[in-house]
1. Can you give the Rg and Dmax of the range 1-119 based on its C-alpha atoms, in angstrom?
2. Between I48 and V74, 0.36 nm times their residue separation minus their Cα-Cα distance comes to what?
3. Take the alpha carbon atoms of the range 1-66, find their center, do the same for the range 197-270, and report the distance between the two centers in whole angstrom.
4. Give me the distance in nm between label points sitting 7 Å out from Cα along the Cα-to-Cβ direction at D248 and N32, one decimal.
5. Quick one: if the Förster radius is 22 Å, what FRET efficiency do R23 and A256 give, using the C-beta to C-beta distance and rounding to 0.05?
6. So between R41 and N14, what do we pick up on full extension, going 0.36 nm a residue minus the alpha carbon distance?
7. Modelling each spin label as a point 7 Å along the Cα-to-Cβ direction, I'd like the A158/R57 distance in nm, to one decimal.
8. So what is the accessible area of the range 54-100 per residue, in Å², with the probe set to 1.4 Å?
Amino acid sequence: LMVFTTQGRMYPLNVYEVPQTSRTAKGRPIINLVPVDKTERIAAVVPIRKITDEDERDLLFVSRKGLTKRTPLVAFKTMRKGGVIACGVADDDEVAVVLLMDHDLEQDVMILSNSGQSIRFRKGGPKGAPVFGRTARGNKGIKLRGSDRVTDMLLVPAASEDSVIDDDAPDLVDEETLDETFDVEEATGEMLLTVTSLGYGKRTPVGAWNVQGRTGMGVIAHRTSEEIGQVVGARMVHPEDQLMLVTDTGRVIRIAESSIRVVQSRGSKGVRLMRLEPGERIVDMARLEEVDDADLEETLVNEADGEQPEAAAPVDAEASEE
């Protein structure tokens, strides 16, 4: 495991060194596994089997203030237990997301912010993510307003050349279409799922985003407000996938992706996915591929030492009129 911290350092960690415990266990303090500084927090973990001299993969970085870069994976071939510099970070910034890029896959990069803004650009080329060494900070990937910060970054299927627009082109979605929705039964293929801190989420066809040049302000991806919360994450999902949401109090809920509304508009607020207690917030999310329910139940029982775990709260199917 390549463990990246918010201050731009990378520490190697063998998978077998991570304790295997039940899902309700606290685990071991990260300081007992990798020698992170007390001022550092874990930003990302990337699994790697082997790095060779011929490896053509890159690591893609983005910071909270929107700086992005690609660094060849071979630059990390020599790993030290004490860590190495993976990305330069300014005093008022920190690493937000690190992804592994495969050159054989045709993909675009999408960056999303807390306020729901997003930008989609090519992963390579003159307007794509620039290539820098380990110690460089990178160049601007998205222009942010005020206190807005990057919350997530993901790789999406590459768009056709017909969807590429100029850097200064306006948002092409008419405000009058914000409430239009697709027929869920007609929606197929991989879609972009966005989730907010107060439990709202939606699936949107990735084709609703045009490809722009890097450094722009982008377009809206999810409406945010005090009632809806800020965007906490996004994933590319299939209808047969499962979604797991985690709150800051340790509660977890598992939801079928097919139960989440598909909307045409990037600017809608979506539907409520989880009811939260006062002051509770969603802090993370994960996409789970479809698994057999019987196998999952047996696994959970074994993890709980023979005790049946408490069932997750039912999904709130309340659909927003907006």
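The values are calculated or read from the model by the stated rules, or taken from the named source; none is laboratory data. Computed from a predicted model, the values in this text were never measured in an experiment. Methodologically, a virtual Cβ is constructed for each residue, glycine included, from the backbone with ideal geometry; neighbour enumeration extends over all protein chains shown. Side chains included, ligands, DNA and RNA excluded: accessible areas come from the protein's heavy atoms. Shrake-Rupley method; radii C 1.70, N 1.55, O 1.52, S 1.80 Å.
1. For the range 1-119, the Cα-based Rg and Dmax read 15.3, 41 Å.
2. Result: 8.2 nm gained on full extension.
3. 25
4. For D248 paired with N32, the spin-label model returns 2.6 nm.
5. That pair, R23 with A256, gives E of 0.70.
6. Length difference between fully extended and current span is 7.8 nm.
7. It is 1.9 nm.
8. 41
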